[in-house]
Each structure stands twice: as structure tokens, then as C-alpha cells.
1. Just to be sure before I move on: is residue 60 at pLDDT 90 or above, part of a loop (DSSP other than H, G, I, E, B) and either touching a Lys or Arg at 6+ places or on another chain (Cβ under 8 Å) or closer than 20 Å to residue 329 by Cα (or both) in the structure I sent?
2. Between a first residue in the stretch 282-303 that is free of Cβ contacts under 8 Å to residues at least 12 places away in the same chain and a second residue that is charged (D, E, K, R), which pairs have beta carbons less than 9 Å apart while being 6 or more apart in sequence or on different chains?
3. Identify, by number, the condition in (1) modelled with pLDDT of 85 or more; (2) assigned to a loop (DSSP other than H, G, I, E, B); (3) of a type in the set (A, V, I, L, M) that residue 343 doesn't meet.
4. Answer yes or no as to whether residue 93 is surrounded by fewer than 20 Cβ atoms within 10 Å (Cβ to Cβ), in contact (Cβ under 8 Å) with a residue 24 or more places away in the chain, at negative phi and in contact with a Leu (Cβ under 6 Å, 6 or more places away or on another chain).
5. Which members of the stretch 277-317 meet the condition of being part of a strand (DSSP E or B) and acidic (Asp, Glu)?
6. Given the criterion within 22 Å of residue 192 (Cβ to Cβ) and of a type outside the set (Gly, Ala, Ser), identify the matching residue among 112, 152, 143, 139.
7. Could you tell me whether residue 370 is over 26 Å from residue 27 (Cα atoms), in contact with a Ser or Thr (Cβ under 8 Å, 6 or more places away or on another chain) and not assigned by TED's automatic domain parsing to the domain that holds residue 260?
8. Looking at the stretch 357-383, which of the residues that are closer than 21 Å to residue 290 by Cα and in contact with a Gly (Cβ under 9 Å, 6 or more places away or on another chain) is modelled with the highest pLDDT?
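The values are calculated or read from the model by the stated rules, or taken from the named source; none is laboratory data. Because the structure is predicted, anything quoted here is derived from the model rather than measured. Heads up, the Cβs are rebuilt from the backbone with ideal geometry, glycines too, and the neighbour counts pull from every protein chain shown.
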Amino acid sequence: MKNKFLLTLFLGLTYLSQAQTTMENFSFGAVADTITNPTKGIWKRHSGTGFPIPYATNSLSFPGYASSGVGGSANFTFRTASSEDAHRRVISYSSGNVYISFLLRMSITGGTTADYFFHVLDTSFLTAFRARVWVVDGTAANTYQIGLSKGTNTVNYATPNYNKDSTVLVVLKYAFNASVNDTVYGYVFTNSIPATEPAVPHMVSSDISQGDLAVLNAVAIRQGAVGNMSGTIDGIRVSNSWANGPLPVTLLDFKASLNEANGTQLNWSTSSEINNKGFEIEQSKDGEIFETIDFVKGAGNSKTVQRYQANLNYFAPAYYRLKQVDFDGAFEYSEVVYSGGEVSEIELSPNPFVETIKLNSNSNIDRIEIIDLTGKVLVSATINQLTAEVETAHLAKGIYFINISQGGSVQTKRIIKTN
């Protein structure tokens with residue numbers, strides 16, 4: 001039946017009501033610590049003692065996910081001894097659909113007895129745990145299954161087995177309903193994100209024995225005592241739409257043209273935007289050293305195509321790239337374009353890649369460099385051929401950029417390393 005409790009709403013933390021998407025990328029600094037360290041001021045312990053939830057400085061990655069490869073990550077472990085469970089406030093919702101997405105990588109599956117490690121809640125009642133996500137050993141070695149319950153041990157499992165030590169994207173939907181019981185839905189993706197919510201969920205639970213939330217305003221990570229499961233969570237996003245939850249800021253195209261009378265014109269468009277403060281325009285004469293020359297304000301959050309244009313009083317050929325900047329300071333670079341005509345066509349395959357990445361061009365490839373998001377060069381090789389195959393098995397999963405030098409020019413492309 002519907003929950004009839006009268007709740008005291010927290011009116012502090014006003015930023016929560018102003019935002020449209022809550023994001024948790026565990027960007028807590030360069031030194032490993034715990035997420036409940038009081039200096040962080042975000043995650044709070046609500047049960048258990050000892051063994052607080054640690055965070056690591058490395059992050060999880062997933063192709064196309066908005067919070068892929070950003071910040072750090074949180075590690076949870078189940079023990080026989082008491083361990084802390086922690087929650088953090090998110091945007092408050094009391095109606096409609098709420099989408100909660102996160103990246104998950106299980107290192108130890110836990111055993112044949114299932115238990116849950118993640119849920120949502122109302123901070124007025126710290127025992128009203130809803131949309132619980134469960135894990136149990138799969139039917140094959142080194143695999144596991146993911147389950148969902150509304151609030152009890154009645155668990156609905158997704159059919160597939162998921163591989164241990166691989167990253168999946170979990171998306172939950174808590175559906176408020178004023179007249180009947182609230183329902184929770186679950187989706188699990190292994191290699192890509194659909195642009196729209198699938199018609200058929202992988203898991204559903206509407207347990208009528210469990211009261212409904214009057215407000216959803218927190219997410220929680222749990223460390224239980226059943227089995228010995230261990231895993232990593234990263235990139236938690238909470239929003240009221242599919243587009244603002246798991247989908248990223250998506251750049252559709254970016255073009256540069258040079259006109260002798262009017263100078264340089266840049267045009268680009270996006271299919272969706274989340275937390276987008278705007279675009280820094282960077283220019284380079286040689287394709288290697290870039291400087292910021294302008295800024296164009298973004299749409300913030302958008303589910304429709306947004307078109308942008310910048311007119312520059314610059315009358316010589318040059319290279320350009322966009323630095324898309326979020327309100328929280330996170331950023332991402334576009335590919336490099338050239339205003340003086342067509343640059344060499346370069347084909348990268350596959351992308352995302354696993355152990356090798358192949359390059360094919362219609363002009364000689366002089367040299368390549370693969371750099372990480374901090375600008376550190378991880379791979380450097382002289383090619384001097386039209387084609388090349390670069391070994392990348394030693395790289396961790398994540399987002400990288402590859403600089404391709406040809407005849408004095410450099411193109412930069414975004415690449416993603418998966419399993």
C-alpha cells in the first residue's frame with residue numbers, strides 16, 4: 001500500500017533543488033582515502049562500524065557513458081565483521097520517474113547466497129531502503145548475476161551471467177505512482193547505452209508488502225556480511241530523465257572553414273548535453289601547441305540538437321579543437337579540425353579497442369602518441385607507413401587521445417579502451 005508517513009523535508013543544501021542531475025564521480029583528490037572522511041563532507045555513515053568504504057584514485061570506464069573515466073571510484077567489501085554503510089544526498093524527487101545509473105565492476109562475486117550492495121533511500125527514515133541491487137554467483141565460473149528488489153528479499157534477477165573483472169552499466173528507475181504501488185525497474189548494459197529507454201526492462205519489482213517512498217533523496221553503498229563479495233562503484237548519476245542520467249554530452253559534428261573576406265567560421269552541434277557549462281575554442285598553427293582564443297556558452301542540460309557557431313577574425317589556415325567544460329570543472333576534448341582544407345583521412349579501428357588499435361590513412365603516418373586525460377604520453381612510436389597496428393594491452397581501461405603526425409600536421413582523436 002502507499003506509504004502514509006508525513007516526512008520532514010530537508011531544506012538545506014539548496015544546490016540539490018537547483019540542479020537537474022546529481023553526479024558522483026568520487027573526485028576526492030590524488031590520495032586514496034575513505035568516502036566518509038569528514039573533510040569530504042558528502043558521504044555519511046548510517047549503519048555499521050569499522051571498515052569504512054574506501055575510494056581509489058582510478059576510475060571505471062564505459063563507452064559513451066557521461067561519467068566514464070572521471071575522478072576516482074569507491075570499493076565495497078563484504079566481511080563477517082561489522083562494516084560501514086554510507087549514503088549521500090541527491091536531488092529530491094517525490095513524483096515521476098527517477099533514473100539512477102552507476103558503473104559496476106565485481107572482483108569477487110560473493111557466493112551462492114545473494115546479498116545487496118546498493119540502494120536508494122529517504123534520509124528521514126534511514127531504514128527505508130528501496131531499489132536494492134543484489135549480486136549472486138552466476139551459473140558459470142567467474143560470473144555473477146545481478147538482481148533487483150523493491151525492499152525485501154524477493155529478488156528479480158536479470159537473465160545473463162556477467163563476467164567478473166569487467167565493467168557494466170547499471171541503470172535503475174524508481175517510478176512513483178500516486179494511485180498504486182511504486183515500481184522499480186533495472187537495466188544492465190555491457191558495451192553500449194541505448195539512446196532511449198528500452199521497452200522491456202531486465203528486472204522489475206513492485207513488492208506490495210513494501211511501503212513506497214514519499215521522497216527519494218539519497219543513494220547508498222552497503223557492505224554486508226553474507227559471503228565475501230567485493231567490487232567497485234563509480235560514476236553515479238541521478239536524474240528525472242533517461243537523457244540526463246546515463247547519456248553523455250554528445251558532439252555530432254565539428255567543422256572549420258576559411259573565407260578570404262570573412263575569416264574563419266567554426267560550426268558544431270550536440271545531440272544531448274548534461275551539466276555543460278560551455279566550449280573553450282583552442283587554436284594551433286602547427287597542430288601541436290594549442291591556445292584558448294574564445295569561449296561559447298553551452299546549453300547546460302538539453303535533450304534536443306543544439307547548434308553552435310563562432311566567427312573568428314583570423315585569415316590564415318589553422319587547427320582547432322573544442323574543450324567541452326562541465327560546471328563541476330570536468331572537461332573533454334573534441335577531435336582536431338583544420339580550416340585550410342581537408343586533412344588526410346585516417347581510419348581508426350576498432351574504437352572502442354581492447355589490445356590493439358589499427359590505423360589506416362591515404363597519406364604517410366609519421367608518428368603517433370597515445371596520451372591520457374592528464375596529458376601524460378603512454379605510447380610513442382615512429383610509423384612512416386600508410387598503416388600501423390599499435391599494441392595497447394598494457395593500457396588500463398579508460399579514455400585516451402591519440403596524436404597522429406603526418407607531414408608537419410597533427411590530428412588528435414578520442415579513443416576508448418575496454419576489456
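1. Values: at pLDDT 90 or above: yes; part of a loop (DSSP other than H, G, I, E, B): yes; either touching a Lys or Arg at 6+ places or on another chain (Cβ under 8 Å) or closer than 20 Å to residue 329 by Cα (or both): yes.
Yes.
2. Pairs that qualify, where the first residue is free of Cβ contacts under 8 Å to residues at least 12 places away in the same chain and the partner is charged (D, E, K, R), are 291/282.
3. (1)
4. Working: surrounded by fewer than 20 Cβ atoms within 10 Å (Cβ to Cβ): yes; in contact (Cβ under 8 Å) with a residue 24 or more places away in the chain: yes; at negative phi: yes; in contact with a Leu (Cβ under 6 Å, 6 or more places away or on another chain): yes.
Against the criterion (surrounded by fewer than 20 Cβ atoms within 10 Å (Cβ to Cβ), in contact (Cβ under 8 Å) with a residue 24 or more places away in the chain, at negative phi and in contact with a Leu (Cβ under 6 Å, 6 or more places away or on another chain)), residue 93 qualifies.
5. First, the residues of the stretch 277-317 that are part of a strand (DSSP E or B): 277-284, 291-302, 306-312.
Within the stretch 277-317, 280, 282, 291, 294 qualify.
6. On the way: 112 fails: within 22 Å of residue 192 (Cβ to Cβ); 152 fails: within 22 Å of residue 192 (Cβ to Cβ); 139 fails: within 22 Å of residue 192 (Cβ to Cβ).
143 is the lone residue from the list that is within 22 Å of residue 192 (Cβ to Cβ) and of a type outside the set (Gly, Ala, Ser).
7. Details: over 26 Å from residue 27 (Cα atoms): no; in contact with a Ser or Thr (Cβ under 8 Å, 6 or more places away or on another chain): yes; not assigned by TED's automatic domain parsing to the domain that holds residue 260: yes.
No: the conditions fail for residue 370.
8. Selected residue: 366.
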